[in-house]
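The values are calculated or read from the model by the stated rules, or taken from the named source; none is laboratory data. Predicted, not measured: the structure shown is a model, and the values here were computed from it. In this analysis, Cβ positions are derived from the backbone assuming ideal geometry, glycine residues included, and neighbour counts consider all displayed protein chains. Calculation scope for accessible area: heavy atoms of the full protein, side chains included, ligands and nucleic acids excluded. Shrake-Rupley method; radii C 1.70, N 1.55, O 1.52, S 1.80 Å.
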Amino acid sequence: MTDRLIRITTALAVVAVAAVAAVISYRHAYELVHSHGESGPTARLVPFTVDGLIWAASMVILDASRRKHPAPPLAKWSLAVGIVATVGANVAHGATHGPIGAIVSAWPALALVGSFELLMTLTRAAASPDLPQNEQRTEPVQPSTEVEQTPEEAVRDEYRASLAGPGRPLSQRYLAEKHGIDRRRVKRVIMNTNSEPI
């Protein structure tokens with residue numbers, strides 16, 4: 001219950017920070033695009049392409065992680081480009097107010113990206129089984145209950161199986177070479193097997 005409460009409250013905090021940061025970052029990017037000659041729908045939609053790229057790349061990386069596959073290189077590259085673009089747009093927006101203005105203006109974009117990646121980390125963790133971090137995910141070693149066969153028993157079982165299958169039974173030569181025993185012993189095993197009642 002405690003783990004679930006931590007995840008829920010953390011997710012709510014991350015979503016709240018991301019929402020506020022997204023609104024401010026969008027406004028900065030919109031004003032930057034508008035001040036550089038774009039207007040109307042173009043100026044309003046360009047900032048969405050940047051954040052949409054980050055969203056899409058993160059979702060592809062999350063999906064790969066949940067399937068235990070490596071993240072596609074294009075998704076990693078797209079995520080990096082999206083992060084650089086959104087931070088760069090915010091820095092450029094505040095640059096007219098000097099270095100402090102650029103840093104203050106960049107903060108919402110950094111908070112948005114950081115919050116979003118924290119949310120992805122929570123999602124990946126929720127999809128994994130709950131194990132202590134120091135516990136290795138290895139299968140427990142089960143004691144073997146199988147008794148090791150003698151070469152003669154292995155020959156007998158393999159020869160019997162070949163009788164039930166399609167085609168001709170396995171040859172004495174093949175069985176002798178495979179199990180490393182003399183052909184006379186193989187012949188004796190086969191003769192005994194053939195004389196056994198089915």
Handout entry: Extension gain from residue 185 to residue 171, taking 0.36 nm per residue of separation minus the Cα-Cα distance
Key = 3.7 nm
Practice task
Rounded to the nearest 500, what is the 222 nm mean residue ellipticity of the chain from helices alone, with -39500 (n - 2.57) per DSSP H run of 4+ residues and division by all residues?
Solution key: -26000 deg cm²/dmol
Exercise for the section: Check the straight Cα-Cα distances from residue 68 and name the lysines below 21 Å, setting aside those fewer than 8 residues away within the same chain. Expected result: 76
Fill in the blank from the handout: In nm, the gap between the two label points placed 7 Å beyond Cα toward Cβ at residue 7 and residue 31 is 4.0
Fill in the blank from the handout: Taking a straight Cα-to-Cα line shorter than 17 Å from residue 178, and setting aside same-chain lysines fewer than 8 residues away, one finds 187
Fill in the blank from the handout: The simple spin-label model distance between residue 39 and residue 160, using points 7 Å out along Cα→Cβ, in nm, is 9.0
Exercise for the section: Provide the per-residue ³J(HN,Hα) series for region 153-159, in order, calculated from phi with Karplus coefficients 6.51, -1.76, 1.60 and θ = phi - 60°, each as a whole number of Hz, with x at glycine and proline positions. Expected result: 5, 5, 4, 4, 5, 5, 5
Fill in the blank from the handout: By accessible area (1.4 Å), largest first, 51, 63, 3 order as 3, 63, 51
Handout entry: Additional length obtainable on full extension of the chain from residue 49 to residue 96, 0.36 nm per residue less Cα span
Key = 14.5 nm
Exercise for the section: Go through region 48-54 residue by residue and turn each phi into a ³J(HN,Hα) via Karplus (6.51, -1.76, 1.60, θ = phi - 60°); whole Hz please, and just put x for glycine and proline. Expected result: 5, 5, 5, 5, x, 5, 4
Fill in the blank from the handout: To the nearest 0.05, the calculated FRET efficiency linking residue 20 and residue 178 through their beta-carbon distance, R0 being 41 Å, is 0.05
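Using a probe of 1.4 angstrom, how much of the accessible area of the chain is carbon and sulfur, in percent?
Here it works out to 63 percent.
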